[in-house]
Amino acid sequence: MSPRFNTAWTCALTVMAAMTFSVSPAQSQQIADQFAPEIASGINAKQRGEAVRAKRWMAVVANPLAAKAAADVLRAGGSAADAAIAAQAVLGLVEPQSSGLGGGAFVVYYDAKTKTVTTLDGRETAPMAATPKLFQKPDGEPMGFFDAVIGGRSVGTPGTPALMKAMHEKWGIKPWASLLQPAIDTASKGFAVSPRLAALVAFDAQRLSSDPKTAAYFLPGGKALVAGDILKNPAYAQTLINLQSGLDDFYGGGTAAAIVAAVRRNRANPGLLTLSDLKAYAVKERSAVCAPYRGHSVCGMGPPSSGALTVGQILMLLEGADLKGMGAQSADAWRLIGDASRLAFADRGRYMADSDFVKVPTKGLLDAGYMKTRAQLLNSSKNTRALGSVKPGKPPHDRADLNYADDASLELPSTSHLSIVDAEGNMVSMTTTIENAFGSRVMVGGFLLNNELTDFSFRDQRNGVAIANRVEPGKRPRSSMAPTIVLKDGSPTMVVGSPGGSRIIGYVAKTIIAHIDWGMDAQQAVSSPHLINRFGTFDLENVPALDPIERQLKALGFKTNRRALTSGLHVITLSNGELLGGADPRREGVALGE
């Protein structure tokens, strides 16, 4: 990283750390978006080639070592769930900034025998002692972002280990303990630090130094790890060895006690997590949220994720548009996609949160009549330019008291995604996170604890009207993670998902459109340039191919912003008995299959 780049980021993050969220929802997210949760590492030209082809099974995972762990399980006859468990255990070691045992995840699973889609919610929960004022200063104003993130205050009850175990109990074939062994072996023997991890450690060194255990691991001798260093993690190996016997240690034994102590005794920023919170944690099986699109059913995770609802709204709003005829290079097509996204994000900010606590109008948000009415804003003969102001709609619902203020949450998740298909045709789409890069920067048992609670709104109300995504005890913060499985006539055609904060929604929607409307294969769809619009300004990936489209979008009335967009899309498409895999060239992932 150049000194100039590093200085610019340092200044920007200083501003962000002091920000108190008095701005509008769109402004708060736009300010946050100046700072990627994980710095861009460029585009790997080698990964932009042809899609990987396979007949029996495939795994597309964010790190080669984790992908190999998944592939070894699949080659030995394991299920997609088995492979996902093995991959997650390794990801938490080799890609610790993005996900791990101290975080949470969502799983969308297709069962080939029953031909059903199931979703599992392993999202973190707020401590029972938390209140809506958790991230407010004594005067009632919101805390600065990093003042809230660093330390114990931001840590929610981890859900990933419980989710992994729930997956195994429902769909596993191989012995549970065997699935954790590859990560144990790698942690014990050591692995070579990747260029991406090294760059992230160097960039975040100051915040990583805030916790003694974290500093000792990532900054040995006071110096940041560099690419190629062999890194061992015996503490992580021991945590996994304990986990091989089940969840008791993690949620009620020595590891649980260590987590609580690290959170509550944090000197700078103690948190509220208790042993009772850990013992009470439960994975929730929820109904998949599915939206129709051009004869397909696009299925994903419902609340507390906003992913499936917002992706679904974008696609339904575009149903009447001839995107295929317009083509991927058409500014008119991107005008429609961008403004459909803006309409969907307006509803997202008003209505979407944990449905166990909030009356989310899930069915109403995807109601065909409501979507048709909203789509008229895009398709009328008068609307051939960028929409002006965009406001939430009024979806049909059966509650007369559905009244919430617009949210002002920031999302800077450091996240990972894996897509897996096994030899029996079972499929996993799993998005997994610890929120910000390196989470709370608090390390326990060789893994980092999340800062997931900062996905809640720091404000609990506006002008006396409650915000749906406010902090509440036991509540799960809203997420944008959008693990997705696309089906046609009941059979899967695509497994897709990505990291990237609230841009996840745009990344996933774009990739589905690229495949269904523009005929791109898995790798082409993943590698195609990003154009993301949530609040009026188009974020365009900083590649020359978008120069003509940018000029045309400006002529249509849009503001534009050129920048690196660090998605981590991992996609598998299925057609005529063949699997095609695409790994995002913007990160370190690979597709493996046979």
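We did not get these values from a lab; they are worked out from the coordinates using the rules stated. Here the structure is a predicted model, which means the values were calculated and not measured. Backbone-built Cβ (ideal geometry, glycine too); neighbour counts: all protein chains shown.
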Amide H contacts under 5 Å for Ser480, restricted to residues at least 5 apart in sequence or on another chain and with H modeled in the peptide plane, are Ser306
Please give the peptides 348-357, 284-293, 498-507 ranked by average Cβ packing (other Cβ atoms within 10 Å per residue), highest first, as a rough proxy for protection. 498-507, 348-357, 284-293
Say each of Ser575 and Thr384 gets a label point 7 Å from the Cα, pointing the same way as Cα to Cβ; how far apart are those two points in nm? 3.3
Taking placed amide H atoms and a strict 5 Å upper bound, the residues 5 or more places from Phe538 or on another chain that come that close are Lys559, Thr560, Asn561
Label-point separation in nm, Lys189 to Gln552, each point 7 Å along Cα→Cβ: 5.2
Counting alpha carbon pairs within less than 8 Å and at least 6 residues apart, what relative contact order, in whole percent, applies to the chain? 25
Any idea how far the Cα center of the range 223-267 sits from the one of the range 562-581, in Å? 32
Length gained if Gln376 through Glu594 is fully extended, taking 0.36 nm per residue and subtracting the Cα-Cα distance, is 73.9 nm
Considering every pair of different Cα atoms, what Kirkwood radius, in Å, is found for the chain? 23.5
Scaled to the compact-protein estimate 2.2 N^0.38 Å, what is the alpha-carbon radius of gyration of the range 473-594, rounded to two decimal places? 1.15
Could you work out the per residue convex hull volume over the alpha carbons of the range 189-338, in cubic angstrom? 224
Can you give me the Rg/Rh ratio for the range 138-231, using Cα atoms for both radii and the Kirkwood formula for Rh? 1.09
Enumerate the amide H contacts of Thr493 below 5 Å, restricted to partners 5 or more residues apart or on another chain; note that Pro and chain-start residues carry no placed amide H. Val486, Leu487, Lys488
Just to confirm a number: summing +1 for Lys and Arg and -1 for Asp and Glu over residues other than Ala59 whose beta-carbon lies under 12 angstrom from that of Ala59, what do you get? -1
Expressed in angstrom, Rg and Dmax over the Cα atoms of the range 415-553 are 18.4, 55
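Beyond 27 Å between alpha-carbons counts as too far, so tell me which of Lys55/Lys488; Lys165/Lys510; Lys510/Lys554; Lys232/Lys475 fall in that bin.
Cα-Cα > 27 Å for Lys165/Lys510; Lys232/Lys475; rest within.
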Work out, step by step, the length gained on full extension between Lys559 and Glu319: first 0.36 nm times the residue separation, then minus their alpha carbon distance; give nm to one decimal. 83.9 nm
Got a sec? Which residues in the range 433-469 would a label at Ala258 touch, if it sits 7 Å along Cα→Cβ and we count backbone N under 12 Å? 443-449
Testing the spin-label approximation: label points 7 Å from Cα along Cα→Cβ at Ala368 and Met128. State their distance in nm. 4.6
For Thr373, the net charge from surrounding residues (Cβ-Cβ under 11 Å; K, R +1; D, E -1) works out to +2
Computed E for Ala76/Lys213 - FRET, C-beta separation, R0 51 angstrom, nearest 0.05: 0.90
Give, in nm to one decimal, the length gained when the segment between Asn463 and Lys223 is fully stretched (0.36 nm per residue of separation minus the Cα-Cα distance). 81.6 nm
Note, Thr493: beta-carbon cut-off 13 Å, +1 each Lys/Arg, -1 each Asp/Glu, net -1
